[in-house]
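The values are calculated or read from the model by the stated rules, or taken from the named source; none is laboratory data. The structure presented is a predicted model; accordingly, all values stated were derived computationally and were not measured. Every residue, glycine as well, gets a Cβ built from its backbone with ideal geometry; the counts of neighbours run over all protein chains shown. Heads up: the accessible areas ignore ligands, DNA and RNA and are worked out on the full protein's heavy atoms, side chains in. Shrake-Rupley method; radii C 1.70, N 1.55, O 1.52, S 1.80 Å.
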Amino acid sequence: MLCALERFAPLPLQESWDNAGLQVGLTEAEVSGALLCLDVTEKIVDEAQEKGCNLIVSHHPLLFRGLKTISDLTDVQRTVMKAIRAGIAVVSMHTNMDNAEGGVNFRIAQKLGLQDVRFMGPRQVGDVTCGSGVVGELSEPMEACDFVQKVKNLFNVECAMSNELLQRPVRKVALCGGAGDFLLDDAIALGADAFITGEMHYHQYFGHEQQIQICVIGHYQSEQYTSEVFHEIIEKECPEVRTEIAETNTNPIFYF
């Protein structure tokens, strides 16, 4: 099953700072069930146990940096200990899944109903075309206020952070799930009417009035449908493996 995921989103597609791939566990273990999620926490490990899954497939890696100790001092260490004790393997598909064709950003575009979706800045890794962020077109132009509301509704967003509303219709949309603000200038250069991402620094909102509609919806919210991509890959390539999409909401940010 790990091979199927890596065929879809090869590990060489990940960014240099990332740590995708096997995080915890044995590569040859027979899979009793796979729990699909965005983040790996103690509660996620509990849910995997309750559902009889001995594999967790997450988007965000449990281990970004090496651990010098494994104890009960941090949430990551406790989660690693709990997974090992329960015999649960953890695999993460992070920026390789962001950068893959048909991956995280393509799923966001699909949810929005974008057409002619392509990478914002395609590049080659070996014989594979990949890229950070995608751009596409709405089937019909929308007023900016209606567009922002549509995004909020589709991604169940309590509060979207936007700049001044655009006074022209939105048709061409660029997007990048998670922390994608590094692509704002690329979106502008491509002539996008709107740019959607999960996080953006404060000062980047300045200076783009009536140039592009910025719509920032939250890191978790922007990538919440990644588990659907995992499910489709596994169902197609390994139909004998039972998959469960996690019910535990791991978003650490609350809106009051």
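Of the strands (runs of 3 or more DSSP E) contained entirely in the stretch 1-60, not one carries at least 3 residues that are modelled with pLDDT under 95, open to solvent by less than 30 Å² (accessible area, probe 1.4 Å) and over 24 Å from residue 78 (Cα atoms). Restricting attention to the stretch 61-101, the residues that are within 30 Å of residue 132 (Cβ to Cβ), touching a helix residue (DSSP H, G or I) at 6+ places or on another chain (Cβ under 7 Å) and at pLDDT below 95 add up to 1. Among the conditions (1) under 27 Å from residue 195 (Cα atoms); (2) touching a residue at least 60 places away in the same chain (Cβ under 8 Å), the only one that residue 47 does not satisfy is (1). Quick one: how many residues across the stretch 229-256 are open to solvent by 50 Å² or more (accessible area, probe 1.4 Å), out of contact with any helix residue (DSSP H, G or I) (no Cβ under 6 Å at 6 or more places or on another chain) and assigned to a helix (DSSP H, G or I)? Adding up the residues that qualify gives 4.
Of all the numbered requirements in (1) closer than 30 Å to residue 43 by Cα; (2) surrounded by fewer than 22 Cβ atoms within 10 Å (Cβ to Cβ); (3) more than 15 Å from the chain's Cα centre (by Cα), residue 102 misses one, and that requirement is (3). Which residues, counting only those in the stretch 61-89, are farther than 22 Å from residue 249 by Cα, open to solvent by 40 Å² or more (accessible area, probe 1.4 Å) and part of a loop (DSSP other than H, G, I, E, B)? Those that are farther than 22 Å from residue 249 by Cα, open to solvent by 40 Å² or more (accessible area, probe 1.4 Å) and part of a loop (DSSP other than H, G, I, E, B): 65, 66, 67, 68, 69, 70, 72, 73, 87. Kindly indicate which of 127, 116 is over 18 Å from the mean Cα position of the chain (by Cα), in contact (Cβ under 8 Å) with a residue 12 or more places away in the chain and loosely packed, with under 14 Cβ neighbours inside 10 Å. 116 is the lone residue from the list that is over 18 Å from the mean Cα position of the chain (by Cα), in contact (Cβ under 8 Å) with a residue 12 or more places away in the chain and loosely packed, with under 14 Cβ neighbours inside 10 Å.
Of everything in the stretch 210-221 that's over 11 Å from residue 162 (Cβ atoms) and either small (Gly, Ala, Ser) or part of a loop (DSSP other than H, G, I, E, B) (or both), which residue is nearest to the chain's Cα centre (by Cα)? Spell out how you get there, then give the answer.
Kept after step one, since they are over 11 Å from residue 162 (Cβ atoms), are these residues of the stretch 210-221: 210-211, 218-221.
Remaining after also requiring either small (Gly, Ala, Ser) or part of a loop (DSSP other than H, G, I, E, B) (or both): 210-211, 218.
On the way: 210: 28, 211: 27, 218: 11 Å.
Once the filter is applied, the top-ranked residue is 218.
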